[in-house]
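Since the structure comes first, as structure tokens, the remarks are kept for the end.
The values are calculated or read from the model by the stated rules, or taken from the named source; none is laboratory data. The model shown is predicted, which means the values in this text are computed figures rather than measured ones. Positions of Cβ are generated from backbone atoms using ideal geometry, with glycine treated the same way; all protein chains shown enter the neighbour counts.
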Amino acid sequence: MIITRRAFTAALSLTGLAALAGLSPLRFISQAMAQSAADVAKPVSLPDMAIGPADAKVTITEFASMTCPHCAAFNAEVFPKLKTEFIDTGKIRYIFREFPLDIKAAAGSMLSRCIAKGDAPKYFAVTDLLFRSQNDWAVKNTTETLTRIGKQAGLSSQEVEACLKDQALLDKIAADQKYAADVLKVDSTPTFYINGEKIKGETSFDEFAKRINAALGS
């Protein structure tokens, strides 16, 4: 089931978030369609949040859900090494795309977008904070924690509430999610593409390094 307007509007009222803990993960229908690096590279509704040079020889695209514990583990254990060795040295471009598996994950992604306002490094910083505090806001105290994070980043309580009720933003996240499910056949998180080559699930830094170096020709 793709996120619907009615379910999200009801669930993300500032009095309704606490009731979401028992929601089942969303389900996606994937059609067998041609997949290519060009399909992966195409932004759909929202601009890509990317760090690293645009003309890098290697591009990694990650599809993640903000409530996914495996995504949080990757963010904590593998991504910092990738950033130090490959992104900060200008060898690869790294793109993060939202693939929310539940309503709370969609809320976290929306807050990251609202805080960043198109600033990719800021978006990655907020996303990192949300992953690191996942147990606080994704399991309990959702409204309070998201509001606190938003206020620490300079938003007012009213701006956080408006962000979480931004239907246009939700529609764009849902459209991008549907494209990933239907065209790229993303059905779990984290899912990665290295120059269009798909990798599912938690993957070690050594495995990433091997694939990246092969693509770089080194």
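Overview of results
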| item | result |
| --- | --- |
| All helices (runs of 4 or more DSSP H) inside the range 77-144 with 3 or more residues being buried (at least 22 other Cβ atoms within 10 Å of the Cβ) and in contact (Cβ under 8 Å) with a residue 12 or more places away in the chain | 103-116, 120-132 |
| Failed item in (1) over 21 Å from F96 (Cα atoms); (2) touching a Cys at 6+ places or on another chain (Cβ under 6 Å), with P190 passing the rest | (1) |
| Check on Q177, of a type outside the set (D, E), within 14 Å of the chain's Cα centre (by Cα) and not in a loop (DSSP other than H, G, I, E, B) | yes |
| Cross-chain or 6+ apart pairs with Cβ under 6 Å, the range 183-195 first and surrounded by 18 or more Cβ atoms within 10 Å (Cβ to Cβ), then hydroxyl-bearing (S, T, Y) | T189/S65; Y193/T61 |
| Residue that is nearest to A215 (Cα to Cα), among those in the range 44-76 that are among the hydroxyl-bearing types (S, T, Y) and part of a loop (DSSP other than H, G, I, E, B) | S65 |
| Candidates K210, K151, K172 - the one that is surrounded by 18 or more Cβ atoms within 10 Å (Cβ to Cβ), out of contact with any strand residue (DSSP E or B) (no Cβ under 6 Å at 6 or more places or on another chain), among the basic types (K, R) and at pLDDT 95 or above | K172 |
